[in-house]
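Participant: The structure follows.
The values are calculated or read from the model by the stated rules, or taken from the named source; none is laboratory data. Everything numeric in this text was worked out from a predicted model, so none of it was measured. Glycine gets a Cβ as well: all are built from the backbone with ideal geometry, and neighbour counts include every protein chain shown. To get the accessible areas, we keep the full protein, side chains included, count just its heavy atoms, and leave off ligands, DNA and RNA. Shrake-Rupley method; radii C 1.70, N 1.55, O 1.52, S 1.80 Å.
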Amino acid sequence: MAENKPKPKPKIQKESVPIPKQKPEERRRNFNEVALGYTEEQALAEANRCLQCPKPQCIQGCPVEIEIPAFIKLIREGKFEEAVKKVKEKNSLPAICGRVCPQEEQCQKFCIVGKVGDPVSIGRLERFLADWERSIDVKALRDAPATGKKVAIIGAGPAGLTAAADLARLGHKVVIFEALHLPGGVLVYGIPEFRLPKSIVRAEVDYIVKLGVELKLGYLIGRTFTIPELLKYKGFDAVFIGTGAGLPQFMGVPGENLGGIYSANEFLIRVNLMKSYAFPAYDTPIRIGKHVVVIGGGNVAMDSARSALRLGAEQVCIVYRRSRDELPARKEEIENAEEEGIICKFLAAPTRFIGDEKGWVKAMECICMELGPPDESGRRRPVPVKGSEFVMDTDTVIVAIGRTPNPIIQSTTAGLEVTKWGTIVTDENGKTSLEGVYAGGDIVTGEATVISAMGAGKKAAKAIHEYLMKK
Amino acid sequence: MYKILTNKELAPKIRLFEVYAPEVAEKTLPGQFIILIIGETGERIPLTIAGYDHKKGTIKFVFNEVGKTTKQLGLMKEGEYIETITGPLGNPSEIKNFGKVLCVGGGVMIAPMFLQVQALQKTGNKVTTVVGARIKDLLFFEDEMKVYSDKVYVATDDGSKGYKGLDFLKDLLFKEKFDRCVVMGPVVMMKAVSEMTKPFGIPTVVTLTPIMVDGMGMCGVCRVMVAGKMKFGCVDGPEFDGHAVDFDGLIKRQRLFLPEERLSSLLWEKLGGCSCGGK
Ligand SMILES: Cc1cc2nc3c(=O)[nH]c(=O)nc-3n(C[C@H](O)[C@H](O)[C@H](O)COP(=O)(O)OP(=O)(O)OC[C@H]3O[C@@H](n4cnc5c(N)ncnc54)[C@H](O)[C@@H]3O)c2cc1C
Ligand SMILES: Cc1cc2nc3c(=O)[nH]c(=O)nc-3n(C[C@H](O)[C@H](O)[C@H](O)COP(=O)(O)OP(=O)(O)OC[C@H]3O[C@@H](n4cnc5c(N)ncnc54)[C@H](O)[C@@H]3O)c2cc1C
Ligand code: SF4
Ligand code: SF4
Ligand code: FES
């Protein structure tokens, strides 16, 4: 443990070691990863910036409470294998979290070095370790004898994968049922290749399979089997629901069904899951025009905009109804998008889409907004300015205004308590209103983050283990 | 992996498959569909389930070879495997004793209609069935339908067999009283029949086939307007009230990717993918 070793106070290096990236003018037309990752020297230099605080603040910012100073210390000592082990005690998917965690809001926000300069780049170090580990052969080990208990995990997103890994390590027989034909949830169908290469998701999934987890793809639970059937007839002792928030929302304005108007989910599923950027080598098509408009301001909007650019759009414009200060996307991703040439139009919202004679969108009418008093989310509410309508030309629109929970489980599981927003009600350990049924991730919280979904998967795994051992 | 047990030609470019998929078969009810993907680079395509055997663990579907995926599928041999089949998807049909039911099946959808007819007859309905196709060579299951229907009518677009077109239905509707009408077929046909039954106030159920990707409510490409509200074909349907569907909107959305689909199919044929070797 870090706290029982006194150490000399190093001089604080104020700037973090920058992460090498593809140049904006190159990367805006390819799907290769944007950030390239630290080399060994860079990782050592960055690790040396950590003060090894006796009372580390960073840990409280991490939803899965990784022992951050401890793993950084191991990096400094060049003990990468042990460092990975340290991280994996708490986080079975470090290559992914190191890339997509909103670290500036989480661990790094609390890092003490951040008070005098850049915080220690915890996420990049985590990524370095995970990438290093992938370059050698990993042996996955179960650390407990078989219990004879069987758990069904529904959904192979971060919540389900994490719960599966933990339960398998505790000696339970785990089967994951995933509705799509590939595992990973948003990690494969939503987040694009240039931010999270799919080979990494595959490697992390392989690791989980090595732990003995069985993966059943193409099983839509609620249709192929229901949860009561899994518990009653299929021999499962407990179920974890990690089905995520994947139902797209539309705006309900006229013309929304015109050709060329995609929900962000449709667009991203086509591009990422079905690899339509490689059409016709892959069979699923996508059509991108010259002037693409993306509506919304979150990570999903940024990912859609940057993907559209890479698919060959001449101009990509993000239309957001609030101002820059309220943009919910990660700062780093907004900067990346702007560097690549994406334009943002703030304080505007669509009121109608105008189609051509073939039923394809050709323009969008918007209305200007101003910010009123804060709403229930604490952000200032956008209010339309009367008479401020304007028209902009566009041939492709991507609607990225939010996603709600997948509804099939809720409507096919009698007695499962659900909120009016469609999320599943659980206690703090993920237990639902039904015995032996647990849930976590976006299906419980609504749209959140990869690491919070993993945190929920971890907590539920612990609770399921306790339940099974008592049963 | 799902083993193909039967690959049979029912009519030119129309094939019936029977596939071993015990977990899908176990839960299937009439009106539901599957999504299949042939292999890694494939597209996810929806097909209506046209038969199932809980004991044998098999499902049947019938498809038209219209584009790359369905042509590729048609070339697969008995004993080969389809990579993924997800299902049963969508809501099952409402099957109960309605009284007298008019079932209209057109084109390839005659096959799943046969399943409906059987189920409706078994629950005590009097079933009048219409099978329609473009030309007489594309008709199938006429005799099978007769076993489960009180009366079977045949219609073709060119009049090469039975009635020419569906106009005769108007007279039928004047002469006989139906309590329900079920239509499965091309969108234009479902639209025409729905328009005919509307003045008679006969509840009419249509099976919509919008473009789909995931088939589980995640992408919204399958959106259709029903009674002025946006519905997702895959999770809210596939069956809807024929008198409330915006068919013209659906037709437009079905054609969205036509140029890409043609390109994909053409390239595949040019590269010798199909049995005709590029002719
Ligand atoms: C485009 C995009 C970008 C994002 N970027 C970031 C980011 O940079 N950083 C970050 O932290 N978060 C990001 N997020 C959010 C993050 O991805 C999610 O919060 C997280 O993936 C939620 O994990 P989950 O396991 O709860 O659900 P999901 O990842 O949604 O996985 C749910 C899985 O369950 C499956 N499923 C659904 N219903 C059923 C059923 N009935 N039967 C079987 N399987 C079913 C689904 O197919 C899916 O695979 C982003 C989200 C999107 C869409
Ligand atoms: C719920 C549902 C059930 C279906 N059931 C059946 C069935 O039982 N048998 C069957 O043969 N087909 C059925 N279809 C249509 C079938 O999915 C398409 O024919 C198939 O996707 C074509 O794939 P492809 O790659 O071979 O052709 P593509 O190259 O994708 O398309 C070729 C041609 O088919 C048209 N097409 C594509 N998708 C559809 C669609 N969804 N509806 C109508 N035309 C389409 C295209 O416009 C084009 O003209 C169903 C569709 C849905 C949504
Ligand atoms: S998992 Fe995320 S929040 Fe936790 S330490 Fe790693 S990057 Fe930070
Ligand atoms: S707060 Fe920062 S400096 Fe302190 S231990 Fe954590 S990472 Fe190191
Ligand atoms: S097919 Fe994607 S939502 Fe229906």
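Participant: Give me the residues in the range B:200-227 whose solvent-accessible area, probe 1.4 Å, is reduced by at least 10 Å² once all protein chains are included instead of the chain isolated.
Facilitator: Buried on complex formation: B:VAL213, B:ASP214, B:MET216, B:GLY217, B:MET218, B:CYS219, B:VAL221, B:ARG223, B:MET225.
Participant: Counting other Cβ atoms within 10 Å, keep those with at most 15, restrict to DSSP loop, and tell me which trypsin sites (Lys or Arg not before Pro) in the range A:129-196 are left.
Facilitator: Qualifying residues, ordered by number: A:LYS139, A:ARG142.
Participant: Considering every residue in B:95-104, what mean count of other chain Cβ atoms within 10 Å of its Cβ is obtained?
Facilitator: Taking the mean over all residues of the peptide, I get 0.
Participant: Also, quick follow-up: Could you give the dipole magnitude of the range B:208-263 about its Cα centre, charging the beta-carbon of Lys and Arg +1 and that of Asp and Glu -1, in debye to the nearest 20?
Facilitator: 160
Participant: Would you list which aspartates and glutamates come within 19 Å of B:LYS151, measuring only between C-alpha atoms, while excluding same-chain residues fewer than 8 positions from it?
Facilitator: Within the straight-line cut-off, B:LYS151 pairs with B:GLU142, B:ASP143, B:ASP167, B:ASP171, B:GLU176, B:ASP179.
Participant: May I ask you to evaluate 6.51 cos²θ - 1.76 cosθ + 1.60, the Karplus curve with θ = phi - 60°, for each residue of the range A:298-314 and list the ³J(HN,Hα) values in order in whole Hz, giving x for glycine and proline?
Facilitator: Couplings: x, 4, 5, 5, 4, 4, 5, 4, 5, 5, 4, 4, 5, 7, x, 4, 6 Hz.
Participant: Further, regarding this structure: Tell me the mean residue ellipticity at 222 nm calculated for chain A from its helices only (DSSP H runs of n ≥ 4, each -39500 (n - 2.57), averaged over every residue, nearest 500).
Facilitator: -9000 deg cm²/dmol
Participant: Once R0 is set to 51 Å, what does the formula 1/(1 + (r/R0)^6) return for the Cβ-Cβ distance between A:ARG380 and A:GLU25, expressed as a FRET efficiency to the nearest 0.05?
Facilitator: The formula returns an efficiency of 0.90 here.
Participant: Now, a different point. Run the simple label-point estimate for A:GLU428 and A:LYS115 please: 7 Å along Cα→C-beta, distance reported in nm.
Facilitator: Taking the simple label geometry, A:GLU428 and A:LYS115 are separated by 2.8 nm.
Participant: Of the trypsin sites (Lys or Arg not before Pro) in the range A:374-428, which ones lie in a loop per DSSP and count no more than 11 other C-beta atoms within 10 Å?
Facilitator: A:LYS386, A:LYS420
Participant: Here's a follow-up. State the extension gain, in nm to one decimal, for the chain segment bounded by B:LEU5 and B:ASP179, taking 0.36 nm per residue of separation less the distance between their alpha-carbons.
Facilitator: Between B:LEU5 and B:ASP179, full extension yields an extra 58.8 nm.
Participant: Which of B:THR6, A:GLY297, A:THR162 sits farthest toward the positive end of the charge dipole of the protein assembly as shown, with +1 on the Cβ of Lys and Arg and -1 on the Cβ of Asp and Glu?
Facilitator: Toward the positive end, the furthest listed residue is A:THR162.
Participant: Within a 10 angstrom radius of each residue's Cβ in A:89-98, how many Cβ atoms of other chains show up on average? Whole number is fine.
Facilitator: 0
Participant: Under a point spin-label approximation (7 Å from Cα along Cα-to-Cβ), what is the A:MET469-B:LYS229 distance to one decimal in nm?
Facilitator: My value for the distance between the label points is 4.8 nm.
Participant: Take each of the peptides B:174-184, A:303-313, average the number of other beta-carbon atoms within 10 Å over its residues, and list them starting from the highest.
Facilitator: A:303-313, B:174-184
Participant: I'd like the distance between the alpha-carbon centres of the range B:39-105 and the range A:139-201, rounded to an integer number of Å.
Facilitator: About 30 Å separates the Cα centre of the range B:39-105 from the one of the range A:139-201.
Participant: Now for a different question. Counting other C-beta atoms within 10 Å, and keeping those with at most 13, which DSSP coil GluC sites (Glu not before Pro) do you find in the range A:397-466?
Facilitator: Here the GluC sites (Glu not before Pro) that fit, given the DSSP loop and packing criteria, are A:GLU417, A:GLU428, A:GLU435.
Participant: For the range B:208-263, what does the relative contact order come out to in percent, with C-alpha contacts under 8 Å and a separation of six or more?
Facilitator: Computed value for the range B:208-263: 33 percent relative contact order.
Participant: Take peptides B:229-241, A:153-165 and line them up by average Cβ neighbours within 10 Å, highest first, as a rough protection proxy.
Facilitator: A:153-165, B:229-241
Participant: Hey, another quick one. Run through the DSSP bridge list for chain A and note the antiparallel percent, rounded to the nearest 5.
Facilitator: Of the beta bridges lying entirely in chain A, close to 40 percent run antiparallel.
Participant: With +1 on each Lys and Arg Cβ and -1 on each Asp and Glu Cβ, and nothing else charged, work out how big the dipole of the protein assembly as shown is about its Cα centre, in Debye to the nearest 20.
Facilitator: Approximately 740 debye in magnitude.
Participant: Quick one: among B:ASP171, B:ASP158, B:ASP246, which has the greatest mean-square fluctuation in a GNM of chain B with alpha-carbon springs under 10 angstrom?
Facilitator: Judging by the Gaussian network model, the answer is B:ASP171.
Participant: Peptide A:218-227: average number of partner chain Cβ atoms within 10 Å per residue?
Facilitator: Mean partner shielding for this stretch: 6.
Participant: What 222 nm value per residue comes from the helices of chain B, counting each DSSP H run with n ≥ 4 as -39,500 (n - 2.57) and dividing by all residues, nearest 500 deg cm²/dmol?
Facilitator: Computed ellipticity for chain B at 222 nm equals -8000 deg cm²/dmol.
Participant: Compute, for A:HIS291, the solvent-accessible surface of its heavy atoms (probe 1.4 Å) with the complete set of protein chains present, and express it in square angstrom to the nearest 10.
Facilitator: 70
Participant: Still on this model: Report, ordered by chain and residue number, the lysines lying within cross-link reach of A:LYS386, taken as a straight Cα distance under 23 Å and ignoring same-chain residues fewer than 8 apart.
Facilitator: Filter leaves A:LYS345.
Participant: Also, I was wondering about something else. Take the Cα radius of gyration of the range B:93-200 and divide it by 2.2 N^0.38 Å, with N its residue count; two decimals is plenty.
Facilitator: 0.97
Participant: Charges at C-beta only: +1 for Lys and Arg, -1 for Asp and Glu. How large is the resulting dipole of the range B:2-89 about its Cα centre, in Debye rounded to 20?
Facilitator: Roughly 200 debye for the range B:2-89.
Participant: Hey, another quick one. Using a Förster radius of 51 Å, what is the FRET efficiency between B:ASP171 and B:LEU267 based on their Cβ-Cβ separation? Nearest 0.05, please.
Facilitator: According to the calculation, E is roughly 0.60.
Participant: Let me ask something additional. Mark the label point 7 Å from the Cα of A:ASP143 along Cα→Cβ and return the residues of the range A:87-115 whose backbone N is within less than 13 Å of it.
Facilitator: Residues A:87-92 qualify, since their backbone N sits under 13 Å from the label point.
Participant: Sticking with this structure for a sec: Could you sort out which of A:LYS234/B:LYS96; B:LYS27/B:LYS56; B:LYS126/B:LYS146 sit more than 23 Å apart by Cα distance in this structure?
Facilitator: Where the Cα-Cα span goes over 23 Å, the pairs concerned are A:LYS234/B:LYS96.
Participant: Now a separate question. Which of the lysines could a cross-linker span from A:LYS115 if the Cα-Cα distance has to be under 19 Å and same-chain partners fewer than 8 positions apart are dropped?
Facilitator: Within reach: A:LYS9, A:LYS11, A:LYS14, A:LYS55, A:LYS331.
Participant: Counting only protein heavy atoms and rolling a 1.4 Å probe, how much accessible area do A and B lose on contact, total for both sides, in Å² to 100?
Facilitator: 3800
Participant: Calculate how many DSSP beta bridges within chain B are antiparallel, expressed in % of all such bridges and rounded to the nearest 5.
Facilitator: Given both bridge residues lie in chain B, the antiparallel proportion sits at roughly 60 percent.
Participant: Once you wrap a convex hull around the alpha carbon atoms of the range B:208-263, what is its projected area averaged over all directions, in nm²?
Facilitator: Dividing the Cα hull surface by four gives the mean projection, 3.8 nm².
Participant: Taking chain A as the region of interest, what is the percent of Cα-Cα pairs per 10 angstrom bin, listed from the shortest bin to the one with the maximum distance?
Facilitator: All Cα pairs, binned at 10 Å, distribute as 4, 19, 27, 26, 17, 5, 1, 0 percent.
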